[in-house]
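The values are calculated or read from the model by the stated rules, or taken from the named source; none is laboratory data. Here the structure is a predicted model, which is why all the values come from computation and not from measurement. All Cβ positions, glycine included, derive from the backbone under ideal geometry; neighbour counts span all protein chains shown.
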Amino acid sequence: MPSETRSPGPEAAGEATSGLVRLMARLRAECPWDRKQTFATLSGYLLEECYEALDALAREDFDELEGELGDLLFEVVFLAELGRERGAFDFASLAGRVHAKMVSRHPHVFGEAAVLDAEAVKVQWEKLKEKERAGKAAGEEVPSPFAGVPRSLPALLKAVRVTSRAADLGFDWQRDADVLAKLDEEVAEFKAELVLEGATKESVAHEIGDILFTVVNVARRHGVDPEAALQATNAKFVRRFEEVARRVRASGREVAGTPLPELDRTWDEVKKEETR
């Protein structure tokens, strides 16, 4: 009878990570490019690797996801090595810090607290975060309710985070009908601004921002990730328009010279076939 296949345990992961940390130290010592990097230069690579990992995750391409997560881990190890060189932190200290935080944020696992479901865990998590922030701000000004929300977050994700934080504190619409009414109100204001004689680019942008912010609230209340939803719509548009372009070229023409009504008809055909 064949032996049962087992995944490597935590020990193997620890050895692999230690090897990666040693590799990074050697690269910093011996590779001119790696020696040249700074916190500032690595920030762009870190963001790029995050987006590449998210793309693989959205497509559920697990082979590619493994590679992208490895690249992301390498950026973390790289930044940790820079921190070690400055005497600020290293990989061991940041791993220990997040380990301690996860233990303290899961008293239902490592302590005596009891929770009923995942939503109760989320509420408990936010209360513990609030308690930590209050402890750090002791003797200082009253901390912002949005302390801890990174300023550099992408706009859609940041809107989710700040509105979720406000909702946790009781500042939220009571009914979906209320937030939908707010969306109608914002769209009406946007339309009014467009026909206004003195409308400016800035004033139009302001109204568009209000619409997007309200749409994020609708998504949040229904447990929908607006970033993922928009990425899916982007992919759908690209897929359909590529098919439109393919059909136009198959007829011996180019998209740019095809009348819009004909492009619209082809688009409708592609959409109908896809939804069918």
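Put simply, of Val204, Val179, Val162, Val216 the only residue that is in contact with a Leu (Cβ under 8 Å, 6 or more places away or on another chain), surrounded by 14 or more Cβ atoms within 10 Å (Cβ to Cβ) and within 29 Å of Trp125 (Cα to Cα) is Val216.
In the range 2-26, the qualifying residues are those that are aliphatic (A, V, I, L, M) and under 17 Å from His99 (Cβ atoms), and the one that is modelled with the lowest pLDDT is Ala13. With respect to the conditions (1) surrounded by 15 or more Cβ atoms within 10 Å (Cβ to Cβ); (2) at pLDDT 95 or above, Glu52 lacks only one, and its number is (2).
Between residues in the range 242-261 that are more than 19 Å from Glu274 (Cβ to Cβ) and residues that are modelled with pLDDT of 95 or more and surrounded by 10 or more Cβ atoms within 10 Å (Cβ to Cβ), which pairs lie under 6 Å by C-beta distance while being six or more apart or on different chains? That search, which allows pairs on different chains as well, returns Thr258/Val248. Looking only at the range 187-205, residues that are under 29 Å from Ser164 (Cβ atoms) and touching an Asp or Glu at 6+ places or on another chain (Cβ under 8 Å) come to 5 in all.
Scan the range 142-151 and give yes if some residue there is surrounded by 13 or more Cβ atoms within 10 Å (Cβ to Cβ), without any contact (Cβ under 8 Å) to a residue 60 or more places away in the chain and not in a loop (DSSP other than H, G, I, E, B), otherwise no. No; the residues of the range 142-151 include none that is surrounded by 13 or more Cβ atoms within 10 Å (Cβ to Cβ), without any contact (Cβ under 8 Å) to a residue 60 or more places away in the chain and not in a loop (DSSP other than H, G, I, E, B).
Checking the range 27-38 against the condition returns a match, with at least one residue being more than 15 Å from Glu81 (Cβ to Cβ) and at pLDDT 85 or above. The residues listed here are Ala40, Ala29, Ala58; of these, the one that is in contact (Cβ under 8 Å) with a residue 24 or more places away in the chain, assigned to a helix (DSSP H, G or I) and exposed (fewer than 15 other Cβ atoms within 10 Å of the Cβ) is Ala58. The residues of the range 186-228 that are of a type in the set (Phe, Trp, Tyr) and under 17 Å from the mean Cα position of the chain (by Cα) amount to a single one, Phe213. Filtering the range 223-276 to residues that are under 18 Å from Ala58 (Cβ atoms) and hydrophobic (A, V, I, L, M, F, W, C) leaves Val224, Ala228, Ala229, Leu230, Ala232, Ala235, Phe237, Val238. Filtered by the rule that a residue be within 17 Å of Glu52 (Cβ to Cβ) and small (Gly, Ala, Ser), the range 70-105 gives a lone residue, Gly70.
Out of the range 114-131, which residues are assigned to a loop (DSSP other than H, G, I, E, B) and either modelled with pLDDT under 85 or farther than 26 Å from Phe146 by Cβ (or both)? Within the range 114-131, Ala114, Leu116, Asp117 meet the criteria.
When Glu49, Glu60, Glu85 are screened for being out of contact with any Ser or Thr (no Cβ under 9 Å at 6 or more places or on another chain), closer than 21 Å to Pro150 by Cβ and not small (Gly, Ala, Ser), only Glu49 passes.
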